[in-house]
There are 2 protein chains.
Amino acid sequence: MTVIEPAAMIDLDTVADLAAQLRVDSVRSSTSAGSGHPTSSMSAADLLATLLTRHLRYDWDEPRLPVNDHLIFSKGHASPLLYSVFKAAGVVSEDELLNGYRRFGQRLEGHPTPVLPWVDVATGSLGQGLPDGVGVALAGRYLDRLPYRVWVLCGDSELAEGSIWEAFDKASYYQLSNLIVLADINRLGQRGQTDLGWDLEQYQRRMQGFGARVLTVDGHDLAAIDQAMAAAASPSGTQPTVILARTVKGRGFTEVENKDDWHGKPFPPDMAERAIAELGGIRNIVLRGPRPEPAEPGPVPDLPTTIPQQLGTRAEPSTAPPEYEVGEKVATRKAYGDALVALGARDDRVVVLDGEVSNSTYATEFRQAYPERYFEMFIAEQQLVAASTGIAVRGYRTFASTFAAFFTRAYDFIRMGAISGADLRLAGSHAGVEIGADGPSQMALEDLAMMRAVHGSTVLYPSDGTSTVALVDTMAATPGISYLRTTRGSYPGLYPAGEKFPLGGSKLVRSTAQDQVTLVGAGVTLHEALRAADILAGDGITARVIDCYCVKPVDAETLAAAVTATGGRIVVAEDHHPEGGLGSAVADALLAAGGQELHFTHLAVRQMPGSGSGEELLAWAGIDADHIAAAARHLVGG
Amino acid sequence: MTVIEPAAMIDLDTVADLAAQLRVDSVRSSTSAGSGHPTSSMSAADLLATLLTRHLRYDWDEPRLPVNDHLIFSKGHASPLLYSVFKAAGVVSEDELLNGYRRFGQRLEGHPTPVLPWVDVATGSLGQGLPDGVGVALAGRYLDRLPYRVWVLCGDSELAEGSIWEAFDKASYYQLSNLIVLADINRLGQRGQTDLGWDLEQYQRRMQGFGARVLTVDGHDLAAIDQAMAAAASPSGTQPTVILARTVKGRGFTEVENKDDWHGKPFPPDMAERAIAELGGIRNIVLRGPRPEPAEPGPVPDLPTTIPQQLGTRAEPSTAPPEYEVGEKVATRKAYGDALVALGARDDRVVVLDGEVSNSTYATEFRQAYPERYFEMFIAEQQLVAASTGIAVRGYRTFASTFAAFFTRAYDFIRMGAISGADLRLAGSHAGVEIGADGPSQMALEDLAMMRAVHGSTVLYPSDGTSTVALVDTMAATPGISYLRTTRGSYPGLYPAGEKFPLGGSKLVRSTAQDQVTLVGAGVTLHEALRAADILAGDGITARVIDCYCVKPVDAETLAAAVTATGGRIVVAEDHHPEGGLGSAVADALLAAGGQELHFTHLAVRQMPGSGSGEELLAWAGIDADHIAAAARHLVGG
């Protein structure tokens, strides 16, 4: 294979040839696979041919080069086009394109994932690639401070997702002139016309209203596209740019152009043959566009002015982890903030984001210490997680926080983060009924279930300051999605400073050889379990108490041993709905261990809470010390 | 208590008095509770005083009157203001306001919920009240066809949520001139200035870009507010209206006006005293504004033209449920569409919504049969669920569908729907690795965990056409959040037409008195379990097979009996991640039943899938017939 690497700019005739090739290859790959989205690929082929040859600064031999531009297909279903681009760049072979696409065990998946080295993030759930791209562009402008650009191909259907507008809002707020959106307005969604159709003026008004510079083009006029891309890539300016392209779905094959009912359907072989013929036949052009110039990080730009900065006044934070006394009352959310500051002092790749509640999650402590590594995402939890994902693409260790309940807003982004193989560290505060007066809308009661079900996730739930500090450090070193659940109220410290909390471990907080029942808690219910053990001791019942600070992976060995030692009797209490949380984790582990009859009592929040004090609600839910003691007494007596 | 019900319009001097009262009562209620958001209430008091007295058409004695206007506090944290409005209308007493707010067992919760008869939907997770209001307004315009208006109070912080823009998009698309947004732009969020601050022009550009009519006012100028509300409430027009109000947080109490660090904090008693004094002291005005005129439903308006309608050509759908033969291959998603049509013929309050994938979920069948009761939400899953919630407020039975994976996008809305006590019927298609080539972004592998963890939810997972039809009917009669998981591929019918599938039940599909092991499946894994039983029979092992079509509430009795009959041996296979799904439901039920040692093998999707055929991926995940048979063989042999 000979790769053409032109010294001069590739001319538009060659670009036109390449565009035809991309269409042909999109047809061939999807027909060969028997599924896929050729028509959605064909509408954007001219945009991509122009980009690849003349504007994308990318070293295809070194996809991890820091100065490379980034290319994200937010419309992930146009994967035939993306893979055809890879073939044109000479990094994917014709054989792989025709025999690997959408096949078992192959890397050219139905929607792009970072299994491929040229893919930053998994897409395919619409409206996510652009928010992710905002994260990459944030890293480019504020952290890497390198002149790379982030090019994002969006479909028009996905512009109906609110997350797209969260992305535009943040892109303009953070002045991401390094972000360029290619909006492929082909009018047709999956089952008919999109809500705005070809009303490009309305799209333009919306995008401009959200602070973007909009360049409207005929998406099949190569010269116009080229001119717009050149303008978009100019380094000056403070606005993100949209190249708003009027395109035709299925462009290049008249049988399907602009026709309904051709979304997500490969052409049958006879149609594919006609399409290829109309497009001028099979080509095997391999070429590459400009490579990035070497560059050094520029100066640190100012963050937008509505975020007060205290760069001039701050003291140098200590690298030593914060320490709390045993018995000292501290909220785990406060310990989270303290721990972040120390971690940030030791590791300058730690970056923190929050969803406008940093004074509640205590992420504000990090913001005060390192304003240049803190990004305020305002009340936009989808963008909060997506920005974390995008920043992580550039190798930073992101921590994102909001109320635990509001991570439900971003569940699709967390799920896709797992598919991206992203290392995301999420911290949710104000868990459970313990929060009290604010009521159920603010109470996370599904978060453990949600986070446990994410592939490869780690779920942590500390009960005191010392364990929180240790677990924040653990998160920094943990790949994949990790989640820390913190508590609103302050509770006494249980462990001396410096105590270790290994991943997959637990703590026997109270244990004798004569224990009659095992009590398992985490967070606030661990404190209730300890009080329950005291109550039971008054009744002459000795209880073993386990701090299950690691909900996933759960400490199956310690749990099974404890249950064996206590006659199969176990009470698990959690400030969470009964499904999928701590009780479920313990149940799964004990059932997998097998080997004994279990007497398992699971205390959880089984009714809809209202307002009240934390104590009232813990009692009402039946997860306080009295209820744990009663459940244990019943098991021991029975 | 004397209620002033003026024959004539209440004058603006009285409105000003009332506004002061609303502020005073917001201060008093939050100070008495020791928590709450007085300053966020005070910024909007003039808007609400004007609305209550002169524009909201509402019969406070009959909150369910169909012609009543609707009032939704999207900024639910301004609950002190809302409850002060209720006091002013004479439906909440001073005693309840001062001693009930945010207290245990009381109905004036920290954020409003429909525990109160004048509250339509729970709010408090920001950016949801407006999308819900779009649903109510859709019902008003297209279903009830009554002249009521939907007034939604939004805060400025929540305008950063993408869901707000999904709502504006749909409000303008569906020409909801009956929707009026009061945008309380007080500049300050929880921890500082919002991203747009007081840049009202930028808000205006965004809202106008999304098709709204925007009337900008000084939010403390009663005459200007009154004029804008009169204009907004004029019946003509096709646009939603925004009254974009520049306001001051904490307005009326100079110590806190427009100051940082006063979000979500009640005033200490001494400050509260000074605030009340500055506001002119305690008042106890009780008054009511205009009542709605009686009205009959108007003509059915045309739906927007981009959705093809087939009103003129459709045949009258049959009310008889669809029937499938045993052994006939049908996809459960297809049966869902068929069942909806028959249900719609029997019940004209059934309304269907879909997120631009109706040709995949088969909701399109309902659209073709009853276009006037179908709402296309395009690719905006948050608004899909919110619109369902809002339409359900008006007593319709909504069914909302998209790919099961994409309901993760709307998890916060589903969670809040449960707090609203809404009856939401959700149907997610394309579950699990079974979908094959499209890859992991399109595979629901967390949905069962997510839906089971919702309070009061019902989770259904049929394996054939007959059971799907029965379960769709069950959903129509089931309160709360119900979820139906459907499968992409077609599998043979297992049950004769008309078979019953009670809620909380299961089916013994294969059973003898000599069974050695229990196999549990649902959806595609039931078919695999049946094949496994055949394989095992070849080895001389008899297996009991249970169709666990009701994942929540699960049939604990049948499961426990089966496990007892088969020596404690059970294999559960599911096309879902191992956490929180079918296996977890079965495990929870068996542990709660207790009384025997269990030999429990749980087969689930434990690695990150890629593309492939459904068969390849079921085998790869270890959840196909061969793996189920091997697991059972191991248990029986062990």
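The values are calculated or read from the model by the stated rules, or taken from the named source; none is laboratory data. Here the structure is a predicted model, which is why all the values come from computation and not from measurement. Counting neighbours? That spans all protein chains shown, and the Cβs are built from the backbone with ideal geometry, glycine included. Accessible surface is based on the protein model in full, side chains and every heavy atom, while ligands, DNA and RNA are left aside. Shrake-Rupley method; radii C 1.70, N 1.55, O 1.52, S 1.80 Å.
Structure data summary
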{"read-out": "Residue that is farthest from B:Ala245 (Cα to Cα), among those in segment B:38-57 that are open to solvent by less than 20 Å² (accessible area, probe 1.4 Å) and in a loop (DSSP other than H, G, I, E, B)", "value": "B:Leu56"}
{"read-out": "Answer residue from segment A:554-578, given it is over 17 Å from A:Leu526 (Cβ atoms) and within 11 Å of another protein chain (Cβ to nearest Cβ) and is surrounded by the fewest Cβ atoms within 10 Å (Cβ to Cβ) among those", "value": "A:Gly568"}
{"read-out": "Sole residue being within 30 Å of the chain's Cα centre (by Cα) and touching a residue at least 60 places away in the same chain (Cβ under 8 Å), chosen from B:Leu48, B:Leu12, B:Leu98, B:Leu116", "value": "B:Leu48"}
{"read-out": "Leading residue by the ranking (nearest to A:Gly237 (Cα to Cα)) among those in segment A:164-187 that are outside any helix (DSSP H, G or I) and open to solvent by 10 Å² or more (accessible area, probe 1.4 Å)", "value": "A:Ser177"}
{"read-out": "Matching residues, segment A:617-638, being touching a residue at least 60 places away in the same chain (Cβ under 8 Å), open to solvent by 40 Å² or more (accessible area, probe 1.4 Å) and within 12 Å of chain B (Cβ to nearest Cβ)", "value": "A:Trp620"}
{"read-out": "Scan of segment A:109-132 for residues that are within 8 Å of another protein chain (Cβ to nearest Cβ) and either over 15 Å from B:Met608 (Cα atoms) or crowded, with 24+ Cβ neighbours inside 10 Å (or both), ordered by number", "value": "A:Glu109, A:Gly110, A:His111, A:Thr113, A:Ala122, A:Thr123, A:Gly124, A:Ser125, A:Leu126, A:Gly127"}
{"read-out": "Residues of segment B:579-601 that turn out to be at the interface with chain A (Cβ under 7 Å from one of its Cβ atoms), closer than 16 Å to A:Ala449 by Cβ and not polar (S, T, N, Q), as a count", "value": "4"}
{"read-out": "Boolean, B:Gly521 is under 30 Å from B:Tyr411 (Cβ atoms), at pLDDT 95 or above, touching a helix residue (DSSP H, G or I) at 6+ places or on another chain (Cβ under 9 Å) and surrounded by fewer than 22 Cβ atoms within 10 Å (Cβ to Cβ)", "value": "no"}
{"read-out": "Residues of segment B:445-475 that turn out to be hydrophobic (A, V, I, L, M, F, W, C), under 27 Å from B:Leu508 (Cβ atoms) and in contact with a strand residue (DSSP E or B) (Cβ under 9 Å, 6 or more places away or on another chain), as a count", "value": "7"}
{"read-out": "Matching entry among B:Thr31, B:Thr39 (being under 28 Å from B:Asp156 (Cα atoms), β-branched (Val, Ile, Thr) and within 14 Å of chain A (Cβ to nearest Cβ))", "value": "B:Thr31"}
{"read-out": "Candidate set: segment B:356-381, residues that are more than 7 Å from every other protein chain (Cβ to nearest Cβ) and assigned to a loop (DSSP other than H, G, I, E, B); chosen: the one surrounded by the most Cβ atoms within 10 Å (Cβ to Cβ)", "value": "B:Met377"}
{"read-out": "One residue from B:Gly237, B:Gly250 being on the phi > 0 side of the Ramachandran plot and touching a Pro at 6+ places or on another chain (Cβ under 8 Å)", "value": "B:Gly250"}
{"read-out": "Output for segment A:388-420, where each listed residue is in contact with a Lys or Arg (Cβ under 7 Å, 6 or more places away or on another chain) and either polar (S, T, N, Q) or part of a helix (DSSP H, G or I) (or both)", "value": "A:Thr398, A:Ala404, A:Thr408, A:Asp412"}
{"read-out": "Residue in segment A:67-76 that is over 30 Å from A:Arg349 (Cβ atoms) and either assigned to a strand (DSSP E or B) or open to solvent by less than 10 Å² (accessible area, probe 1.4 Å) (or both) present", "value": "yes"}
{"read-out": "Residue in segment A:476-498 that is outside any loop (DSSP other than H, G, I, E, B), over 19 Å from A:Phe407 (Cα atoms) and of a type in the set (Val, Ile, Thr) present", "value": "no"}
{"read-out": "Verdict on A:Asp226 being within 14 Å of another protein chain (Cβ to nearest Cβ), open to solvent by less than 80 Å² (accessible area, probe 1.4 Å) and touching a residue at least 12 places away in the same chain (Cβ under 8 Å)", "value": "no"}
{"read-out": "Residues of segment A:426-443 that turn out to be among the aliphatic types (A, V, I, L, M) and either surrounded by fewer than 24 Cβ atoms within 10 Å (Cβ to Cβ) or within 7 Å of another protein chain (Cβ to nearest Cβ) (or both), as a count", "value": "1"}
{"read-out": "Every residue from segment B:196-206 that is at the interface with chain A (Cβ under 8 Å from one of its Cβ atoms) and either assigned to a helix (DSSP H, G or I) or open to solvent by 20 Å² or more (accessible area, probe 1.4 Å) (or both)", "value": "B:Gln202, B:Arg205, B:Arg206"}
{"read-out": "Residue that is under 27 Å from A:Ser611 (Cα atoms) and either crowded, with 24+ Cβ neighbours inside 10 Å or at pLDDT 95 or above (or both), where the choices are A:Ser457, A:Ser482, A:Ser490, A:Ser511", "value": "A:Ser490"}
{"read-out": "For B:Arg606: the one exception among (1) within 32 Å of the chain's Cα centre (by Cα); (2) within 15 Å of B:Gly521 (Cα to Cα); (3) more than 7 Å from every other protein chain (Cβ to nearest Cβ)", "value": "(2)"}
{"read-out": "Selection from segment A:563-591 of residues that are among the small types (Gly, Ala, Ser) and out of contact with any His (no Cβ under 7 Å at 6 or more places or on another chain)", "value": "A:Ala565, A:Gly567, A:Ala573, A:Gly580, A:Gly581, A:Ser584, A:Ala585, A:Ala587, A:Ala589"}
{"read-out": "Residue that is within 14 Å of chain B (Cβ to nearest Cβ), in a helix (DSSP H, G or I) and over 21 Å from A:Ala392 (Cα atoms), where the choices are A:Leu82, A:Leu98", "value": "A:Leu82"}
